[in-house]
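The values are calculated or read from the model by the stated rules, or taken from the named source; none is laboratory data. Remember, predicted model here, so these are calculated numbers, not experimental data. Reconstructed Cβ throughout: ideal geometry from the backbone, glycine too, with neighbour counts over all protein chains shown.
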Amino acid sequence: MPLSYKDISEILKIIDSSNCEELVLEVGDTKLVVQRNGGSTSAPRIAAATAPGALQPVTEAEAPTAPAGPATTAPIAAGEIGTEVRAPMVGTFYRKPSPAEPVFVETGQAVKKGDSLCLIEVMKLYTTIEAPIDGTVKAIGANDAELVAHDQVLFVIEPA
């Protein structure tokens, strides 16, 4: 029985909130390896394989990074007024549904509850993050293709 997205998400939440340095889990022919970099506060490294011997750990040098050029978003200021939308998991933040399409939302844009705000990718599984309320996007807290931490503020939405 392969690991489901929900299983992996729950494992990552538990690891993220614990002091665990490394986890190796084998279920059938699937192997999941989660490592913290020597106990530092950086995000866990994740690797997986669907066949024995095919495991290729992700190194920091291979981790996705934001495109070259100026940052497209400003850090969210402490005390920003509005509803915070936080990352439910560690993963790669994407502002677009695909590279050729426009971004889901921009700062200042009105959104309705349930509108797509971004995608977070974990091990080739994509989760759509939706607006929890009707309102206006006041701030965006991550750049496209940037690694985000569990519970990091991604958006601040001012209620309508």
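Assorted remarks:
- Scope the stretch 116-146; condition loosely packed, with under 15 Cβ neighbours inside 10 Å and over 16 Å from the mean Cα position of the chain (by Cα); matching residues: Asp134
- All positions within the stretch 3-25 that are assigned to a loop (DSSP other than H, G, I, E, B) and either of a type in the set (A, V, I, L, M) or surrounded by 10 or more Cβ atoms within 10 Å (Cβ to Cβ) (or both): Leu3, Ser4, Ser17, Ser18, Cys20, Glu21
- Looking across the stretch 132-151, just one residue is among the polar types (S, T, N, Q) and either in contact with a His (Cβ under 9 Å, 6 or more places away or on another chain) or without any contact (Cβ under 8 Å) to a residue 40 or more places away in the chain (or both), and that is Thr136.
- Residues of the stretch 70-93 include at least one that is in a loop (DSSP other than H, G, I, E, B), modelled with pLDDT under 50 and farther than 21 Å from Glu158 by Cβ.
- Hits in the stretch 122-160 - residues which are charged (D, E, K, R) and in a loop (DSSP other than H, G, I, E, B): Lys124, Asp134, Asp144, Asp151
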